[in-house]
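Colleague: Provided herewith is a single structure, encoded as structure tokens, for subsequent inquiry.
Every read-out reported here was derived from the displayed coordinates using simple, explicitly stated rules and does not represent laboratory data. These figures come from a predicted structure and were not determined experimentally. Cβ placement follows ideal geometry from the backbone for every residue including glycine, while neighbour counts extend to all protein chains displayed.
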Amino acid sequence: MAKAEDRVKLNQCLDILDSTDLGLSMVWLWTWSTIKSLNEDEQYKFNLSEEELWDRLVTAVAGGHGFSLEYGAEDHYEDVTNWLLETGIMTDLMFEEED
């Protein structure tokens, strides 16, 4: 259950996001959270450092690859996962074992 302190923490998060130069900062936050979650999943192996991955993400978005929350969390998760796999940033270990 949400506590009063959670509201304060969310306000702090918003203050931080509002202080960035990122457009659509909530999409960036959700995308980065998804990437961090996938990095902790034992099914996947990341082939770049966090710094290299960030640079690739920034370059991809600047080049026109956009992520969106418009169609919900599941579509966003799938889009991020596919991007990571298609670019070779991340490897699906279950698929790799089958080869």
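Colleague: In this structure, is Asn39 of a type outside the set (Phe, Trp, Tyr), under 23 Å from Leu69 (Cα atoms) and touching a strand residue (DSSP E or B) at 6+ places or on another chain (Cβ under 6 Å)?
Modeller: Values: of a type outside the set (Phe, Trp, Tyr): yes; under 23 Å from Leu69 (Cα atoms): yes; touching a strand residue (DSSP E or B) at 6+ places or on another chain (Cβ under 6 Å): yes.
In short, yes.
Colleague: Now a separate question. Among (1) in contact with a helix residue (DSSP H, G or I) (Cβ under 8 Å, 6 or more places away or on another chain); (2) without any contact (Cβ under 8 Å) to a residue 12 or more places away in the chain, there is one condition His76 misses while meeting the rest; what is its number?
Modeller: So the condition that His76 fails would be (2).
Colleague: For the list (1) hydroxyl-bearing (Ser, Thr, Tyr); (2) part of a loop (DSSP other than H, G, I, E, B); (3) out of contact with any helix residue (DSSP H, G or I) (no Cβ under 9 Å at 6 or more places or on another chain), I need the number of the one condition that Ser33 fails.
Modeller: Exception for Ser33: condition (2).
Colleague: Could you please find all residues in region 41-60 being over 15 Å from the mean Cα position of the chain (by Cα) and surrounded by fewer than 11 Cβ atoms within 10 Å (Cβ to Cβ)?
Modeller: Answer for region 41-60, where residues must be over 15 Å from the mean Cα position of the chain (by Cα) and surrounded by fewer than 11 Cβ atoms within 10 Å (Cβ to Cβ): just Glu42.
Colleague: From the list Leu10, Leu38, pick out the single residue that is surrounded by 10 or more Cβ atoms within 10 Å (Cβ to Cβ) and without any contact (Cβ under 8 Å) to a residue 12 or more places away in the chain. Walk me through it before giving the result.
Modeller: Values: Leu38 fails: without any contact (Cβ under 8 Å) to a residue 12 or more places away in the chain.
Selected residue: Leu10, the only one of Leu10, Leu38 that is surrounded by 10 or more Cβ atoms within 10 Å (Cβ to Cβ) and without any contact (Cβ under 8 Å) to a residue 12 or more places away in the chain.
Colleague: Are any residues in region 82-93 out of contact with any strand residue (DSSP E or B) (no Cβ under 8 Å at 6 or more places or on another chain) and either within 13 Å of Leu38 (Cα to Cα) or loosely packed, with under 12 Cβ neighbours inside 10 Å (or both), and if so, which ones? Lay out the reasoning, then the answer.
Modeller: Filtering region 82-93 down to residues out of contact with any strand residue (DSSP E or B) (no Cβ under 8 Å at 6 or more places or on another chain) leaves 82-83, 86-88.
Result: Asn82, Trp83, Glu86, Gly88.
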